[in-house]
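The values are calculated or read from the model by the stated rules, or taken from the named source; none is laboratory data. Remember, predicted model here, so these are calculated numbers, not experimental data. As a convention, Cβ positions derive from the backbone with ideal geometry for all residues, glycine included, and neighbour counts pool all protein chains shown. Note: areas computed on protein heavy atoms with side chains; ligands, DNA, RNA excluded. Shrake-Rupley method; radii C 1.70, N 1.55, O 1.52, S 1.80 Å.
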Amino acid sequence: MFITIEGPEGAGKTTVVQQVKEKLEAEGLAFVFTREPGGIRIAEKIREVILDPEHKEMDGRTEAILYAAARRQHLVEKVYPALREGKTVICDRFIDSSLAYQGYGRGLGLEEVLTLNSFATEGKMPDVTIFFDIEPEKGLARIQQHEDREFNRLDQEKLEFHKKVYEGYQQVIDRFPDRIIVIDADRPIEVVVKDVYDVIKSRSYL
Ligand SMILES: Nc1ncnc2c1ncn2[C@@H]1O[C@H](COP(=O)(O)OP(=O)(O)OP(=O)(O)O)[C@@H](O)[C@H]1O
Ligand SMILES: Cc1cn([C@H]2C[C@H](O)[C@@H](COP(=O)(O)O)O2)c(=O)[nH]c1=O
């Protein structure tokens, strides 16, 4: 199974996935946890280039291509080998982030970004995607409460951009209703952790 986690900034993806990971590892289950952009050396370097707040001049298409390049390398080096070994891969963000952020947020268009990514992934899509649903204002407020968090180039975009990304996600959910499971992320962490754990456990052993 290839499971992806999606949602706006500050939705709680990283926090919840970490707690779910601890629960699953305690049960001795063979899951691989990873993230995009990143997860392997080359993709982490691409991540630094994309998210560096100093790179304000980055063009939207350049951004989309860099995400797709990081995705390609991550799939080939980490995701496919794990799937071939029969492991379930849980990835924090994947193609839907590109559709929402670059396709809608940057206005490049869903079809164009899908085409670009189809080249990078050779059509590979997640088996299941868990969408952390929270209004962008609330997600941003969460991350702003934490002074120690570094604000990357995308975090620093105006609220208007994040609202477009959120609308983009709604379009993506409408486009792929069978794959995407929406979870209300505006609830206490332990409740969200339980929902995500239940989905992962049930979907991994179908
Ligand atoms: N359900 C929740 N209720 C309240 N606060 C939460 C909840 N989930 C996460 N948080 C807090 O919100 C902040 C953002 O969480 P986290 O970094 O996990 O979000 P994220 O979705 O990974 O964000 P990003 O995509 O921007 O990296 C953290 O300080 C975290 O402790
Ligand atoms: C995969 C992917 C990510 N993004 C954006 C979303 C976030 O703003 C950052 C990643 O930071 P996180 O703290 O790890 O969530 O990158 C994007 O715009 N397009 C993508 O394809």
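Residue count for the stretch 29-55 satisfying the condition of being of a type outside the set (Phe, Trp, Tyr), open to solvent by 20 Å² or more (accessible area, probe 1.4 Å), more than 26 Å from LYS158 (Cα to Cα) and not in a loop (DSSP other than H, G, I, E, B): 3. Of all residues in the stretch 141-159, those that are more than 17 Å from LEU51 (Cα to Cα) and of a type in the set (A, V, I, L, M, F, W, C) have Cβ atoms under 8 Å from Cβ atoms of residues that are open to solvent by less than 90 Å² (accessible area, probe 1.4 Å) and within 10 Å of ligand 1 (Cβ to nearest atom), 6 or more apart or on another chain, in ALA141/GLY10; LEU159/LEU140. Condition check for TYR101 on (1) within 11 Å of ligand 2 (Cβ to nearest atom); (2) in contact with an Asp or Glu (Cβ under 8 Å, 6 or more places away or on another chain): one failure, at (2). When the criteria are applied in full, VAL89 meets the requirement of being among the β-branched types (Val, Ile, Thr) and closer than 27 Å to LEU110 by Cβ.
Restricting attention to the stretch 178-194 and to residues that are away from ligand 1 (no atom under 11 Å from the Cβ) and over 17 Å from the mean Cα position of the chain (by Cα), the residue that is farthest from SER98 (Cα to Cα) turns out to be LYS194. Please determine, by comparing only the residues of the stretch 18-28 that are in contact with a helix residue (DSSP H, G or I) (Cβ under 8 Å, 6 or more places away or on another chain) and open to solvent by 20 Å² or more (accessible area, probe 1.4 Å), which one is nearest to ligand 2 (Cβ to nearest atom). Among them, the one singled out is GLN19. Sort out which residues of the stretch 24-44 are at pLDDT 95 or above, more than 24 Å from ILE143 (Cβ to Cβ) and either among the basic types (Lys, Arg) or touching a strand residue (DSSP E or B) at 6+ places or on another chain (Cβ under 9 Å) (or both), and write them in order of number. Within the stretch 24-44, VAL32, ILE40, ARG41 qualify.
Which of the following residues is within 14 Å of ligand 2 (Cβ to nearest atom), assigned to a loop (DSSP other than H, G, I, E, B) and at pLDDT 95 or above: GLY123, GLY107? I'd like the intermediate steps shown before the answer.
Values: GLY123 fails: within 14 Å of ligand 2 (Cβ to nearest atom).
Step by step, each of GLY123, GLY107 is checked, and only GLY107 is within 14 Å of ligand 2 (Cβ to nearest atom), assigned to a loop (DSSP other than H, G, I, E, B) and at pLDDT 95 or above.
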